Amino acid sequence: MENLEGPDDDLITAPPTAYGTGVIESPAEPGAGESQGMIPVEIESAYPGGIEAWRRYLGKTLRYPEAAIETRIEGTVVVQFIVDNNGRVSEVVAISGPDELREEAERVIRRSGKWSAAIQNGRPVKSYKKQPIVFRLERE
């Protein structure tokens, strides 16, 4: 048996010298994670108080746009936004739904206050969220 010297290979990566925190955060640049695929978090970000509190908030805050009432426009608007590791909402954008309803859906998300941040490895992390908001007119 003999030892042979191999070629120098720049493709080999040395192991890390120190251990990190193990926290997985979304990319710093908006949209950067979309092409790479996002890593699921252990606990999703959520509106404080759960689904019932969310419904109460919508009932108090959501205003059906007059133009949409007059033209009988209904539908679901999906709003995409970021909840940072402190629970603050940012980068609110309606990504689908009737144009006449999008601005109101974005306004409701922006005014929703502080959310519970997503949790990964026991620590709060920034996360992307998509929230549907349903607009329905009363039947006559």
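The values are calculated or read from the model by the stated rules, or taken from the named source; none is laboratory data. Keep in mind the model is a prediction, meaning the values are calculated, not measured. No Cβ is skipped: glycine too gets one built from the backbone with ideal geometry, and neighbour counts run over all protein chains shown.
See the values below:
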read-out: Criterion (over 21 Å from the mean Cα position of the chain (by Cα), free of Cβ contacts under 8 Å to residues at least 60 places away in the same chain and surrounded by 15 or more Cβ atoms within 10 Å (Cβ to Cβ)) met by exactly one of GLU70, GLU106, GLU66, GLU100; value: GLU100
read-out: Failed condition for PRO30, given (1) at pLDDT 90 or above; (2) under 23 Å from GLU104 (Cβ atoms); value: (1)
read-out: Residues (under 22 Å from THR76 (Cβ atoms), in contact (Cβ under 8 Å) with a residue 60 or more places away in the chain and not hydrophobic (A, V, I, L, M, F, W, C)) located in segment 37-63; value: GLU44, SER45, TYR47
read-out: Hey, THR17 among the hydroxyl-bearing types (Ser, Thr, Tyr) and at pLDDT 90 or above or not; value: no
read-out: One residue from VAL79, VAL134, VAL83 being surrounded by 15 or more Cβ atoms within 10 Å (Cβ to Cβ), in contact with a Ser or Thr (Cβ under 8 Å, 6 or more places away or on another chain) and among the β-branched types (Val, Ile, Thr); value: VAL83
read-out: Some residue of segment 97-109 being closer than 11 Å to VAL83 by Cβ and either outside any loop (DSSP other than H, G, I, E, B) or modelled with pLDDT under 90 (or both); value: yes
